1. Of all residues in region 76-96 being surrounded by 14 or more Cβ atoms within 10 Å (Cβ to Cβ) and at pLDDT below 90, which is farthest from S156 (Cα to Cα)?
2. Working only within region 47-70, note down all residues that are over 12 Å from the mean Cα position of the chain (by Cα) and in a strand (DSSP E or B).
Amino acid sequence: MKRQISLLFALLPLVSLAQTQPKSKQNDLLGQGKFSIGLGLGGGTGGSTGTYGRVAPRAQYFVKNGWSVNVEGRHETNGKQYSYSGAGLTTRYYVLRTNKVTIFGQAGYFYGRSRNRTYTFELTAAGGTLRVEETNQFGMANAGIGAQYKVGKRWSLEALHEYNYGRCMSDNSMQQTRTTIGMNFLLKKP
């Protein structure tokens, strides 16, 4: 709880600053009616999976200035041990918009499948390695905060810290905090 309160006090000045920003080129890209398609590639850490790689295609439509609705896919992998594939609907509100930097809050819902694999070594007559694989389908709600830094006309560096809460079809709940840093590329400019 202390972290959330500290985060709230850290963001309050940014919210008031975002309300008084003059119109910029970045505001033109984040304006009502704009549509873009992008691809995010990154890696991060969090949850029980440790470090992971992420590929995330996204279609983004701005319903108001600075507020977008996104259809997003995600594929995450941690080598041979863990993988997740899913898709979801998210919304982002950009509280700070300058020519180079944007800060946003994100909330959404994803549905997908995860695979956890464990390997053990046992000496048997048939061999020595035993692999156990567990597959779960689940939905998860997420909320997070992120920042983007515009590197070029179509490239941006993005950092996202998010909290995921999910429920497997077997009634097991899952909670994880994830931090991802990666590059975005706009396939279609608004």
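1. Restricting to residues being surrounded by 14 or more Cβ atoms within 10 Å (Cβ to Cβ) and at pLDDT below 90, the top hit is Q81.
2. Hits for region 47-70 are G50, T51, Y52, A59, Q60, Y61, F62, V63, K64, W67, S68, V69.
The values are calculated or read from the model by the stated rules, or taken from the named source; none is laboratory data. Here the structure is a predicted model, which is why all the values come from computation and not from measurement. Every residue, glycine among them, receives a Cβ derived from its backbone with ideal geometry; neighbour counts consider all protein chains shown.
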